[in-house]
Structures are given as structure tokens and as C-alpha cells.
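Note sheet for the following structure.
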Amino acid sequence: MWAVFAVLSAVFAALTSILAKIGIDGVNSNLATAIRTVVVVVMAWGVVFLTHTGNGISSISRKSWIFLILSGLATGASWLCYYRALQLGEASKVVPIDKLSVVITLVLAFVFLHEQFTAKSAIGCILIGAGTLFMVL
């Protein structure tokens with residue numbers, strides 16, 4: 001089931017890029033990011049209330065709170081930079097560079113989470129990096 005959600009995530013991320021590029025025309029990138037963030041917050045809390053999963057908030061550990069907050073800050077920084085890049089550049093060049101996050105994630109998962117980094121992972125990283133370079137030049 002995780003693969004279905006991963007594919008849906010990719011589809012929605014692609015739609016996000018195209019819709020954002022159209023919507024950001026004539027709008028300050030920081031303001032556009034703030035509007036997007038409000039929509040995401042309303043949607044996320046709506047899902048929590050509809051699924052009755054909000055009662056789990058009291059059982060979240062201090063460590064989880066810290067890392068979820070740090071993740072939120074990283075997301076905010078990513079979105080601010082992404083929207084500014086979309087405003088200044090072509091979506092067909094901004095998006096591939098943004099997706100280098102896959103390579104960075106694999107490296108960080110190896111270093112900090114001690115996940116396995118195989119020859120297949122290394123080749124994939126090289127191909128993604130080369131493909132990104134090929135697409136943006």
C-alpha cells in the first residue's frame with residue numbers, strides 16, 4: 001500500500017509544481033507560500049478531525065515534537081525557496097533540481113539513519129544527478 005501512496009504523492013507533487021507556476025504569476029513568492037501553507041494546514045487538520053485521530057496528540061513524545069517541528073521548519077524553508085525559484089525560473093528546470101532531494105535524502109539516510117547504501121543506490125544517485133544535470137543544461 002505504501003507504493004500506491006508514494007505514486008500518488010509524486011502525481012500530486014507534479015500537479016503542485018504546475019499549478020504553483022501558473023498561480024504565482026504576479027504574486028510575491030513569500031505571499032504565495034503563505035497562502036499555500038494555510039491551505040495545507042486547513043486540509044491536514046480537516047483530515048485529522050474527519051478521521052478522529054486528534055486524540056493521539058497528547059501521547060506524542062518530546063523527541064517526536066522536536067523533530068516534527070524541525071521537519072516543519074525545513075519544509076517551510078524548502079517551500080519558500082521552491083516558490084522563489086519557480087517565480088524566477090522555468091518549472092522544467094526548477095523541478096528537476098528540487099528533486100535532487102532524492103539523492104540528498106539517500107545520503108542523509110545512510111549517514112544519520114544508518115540505512116543501507118548499496119551499489120544500486122549509488123548507481124541510482126549517479127543517474128538522478130546526471131539526469132538532472134542533463135535536463136537543466
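The values are calculated or read from the model by the stated rules, or taken from the named source; none is laboratory data. Note that the structure is a prediction, hence the values are computed from the model and not measured. Note that we place each Cβ from the backbone using ideal geometry, even for glycine, and neighbour counts take in every protein chain shown.
Of everything in region 13-29, what is surrounded by 11 or more Cβ atoms within 10 Å (Cβ to Cβ) and in a helix (DSSP H, G or I)? Give them in sequence order.
Listed by number, the residues that qualify are A13, A14, T16, S17, I18, L19, A20, K21, G23, S29.
F117 passes all but one of (1) surrounded by 13 or more Cβ atoms within 10 Å (Cβ to Cβ); (2) part of a helix (DSSP H, G or I); which number fails?
Among (1) surrounded by 13 or more Cβ atoms within 10 Å (Cβ to Cβ); (2) part of a helix (DSSP H, G or I), the lone unmet condition for F117 is (2).
Residue-by-condition table, conditions (1) polar (S, T, N, Q); (2) at pLDDT below 95; (3) not assigned by TED's automatic domain parsing to the domain that holds L133:
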| residue | (1), (2), (3) |
| --- | --- |
| V11 | no, yes, yes |
| A14 | no, yes, yes |
| N28 | yes, no, yes |
| V42 | no, no, yes |
| G46 | no, no, yes |
| S61 | yes, no, yes |
| R84 | no, no, yes |
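Do you know which residues across region 89-114 are in a helix (DSSP H, G or I) and among the aliphatic types (A, V, I, L, M)?
Within region 89-114, A91, V94, V95, I97, V102, V103, I104, L106, V107, L108, A109, V111 meet the criteria.
Would you check which residues across region 86-105 are over 12 Å from M135 (Cβ atoms) and either of a type in the set (S, T, N, Q) or surrounded by fewer than 17 Cβ atoms within 10 Å (Cβ to Cβ) (or both) and list them?
Selection gives Q87, L88, G89, S101, V102, I104, T105.
Consider region 15-44. How many of its residues are in contact (Cβ under 8 Å) with a residue 24 or more places away in the chain, among the hydrophobic types (A, V, I, L, M, F, W, C) and closer than 20 Å to P96 by Cβ?
3
Can you tell me which residue within region 56-72, out of those that are surrounded by 10 or more Cβ atoms within 10 Å (Cβ to Cβ) and not polar (S, T, N, Q), is farthest from the chain's Cα centre (by Cα)? Explain how you work it out, then say what you get.
Residues of region 56-72 that are surrounded by 10 or more Cβ atoms within 10 Å (Cβ to Cβ), as a first pass: 60, 64-72.
Then drop every residue that is not not polar (S, T, N, Q), which leaves 60, 65-70, 72.
Details: I60: 23, W65: 19, I66: 19, F67: 16, L68: 14, I69: 15, L70: 14, G72: 11 Å.
Per the stated criteria, the residue is I60.
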